[in-house]
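Some notes on the structure that comes next.
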């Protein structure tokens, strides 16, 4: 019984497949807090020898990239439906302005959309619906996903540096990611409201 309960709490049970699968699932269907998954895995890598930190970052970036490629591909394939979603409440002038923005600085929008909480899906759908090219999207998404993975892994490293206990470090990493994500969402919403008032 003791051995069985120990195996369930062993940090190695999380493993690389769970990290990759959790990030991929959360990138396709935003029900898994992917940043918390990466932060927790980085905390485990920092406090134990069960996971390798570089592999945590690479697998997190790969899972995020695959999810973003699928989401973008779906938006491009069903671009009429995606365009209707993007266009709701928008004037033709604003849609033309969005197309121009993607044409001139699309890679920046993709990177920022990945890093800003709740910004990824709208940016990916808009990029697909507005016909942003695969040739330009893929490198931008690769950079965005790598930066995203490094950012959330850094939060896990901070928590792992504060506590030697992997369980406490993992919990702290998840809490840090969720709190910072909530704060960033509030700031982003306030900035959007201020911009809309102008």
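As a rough footprinting exposure proxy, the listed residues 107, 148 were ranked by other beta carbons within 10 Å of their own, and the order from fewest upward is 107, 148.
Taking the average, over residues, of other Cβ atoms within 10 Å as the packing measure, peptides 130-138, 34-42 rank 34-42, 130-138 from highest down. Each label was represented as a point 7 Å from its Cα along the Cα-to-Cβ direction; for residue 70 and residue 29 these points are 1.0 nm apart.
Just so you know, all these numbers are worked out from the coordinates, no wet-lab data involved. Fair warning: this is a prediction, and the values are worked out from it, not measured in the lab. Positions of Cβ are backbone-derived with ideal geometry, glycine not excepted, and every protein chain shown enters the neighbour counts.
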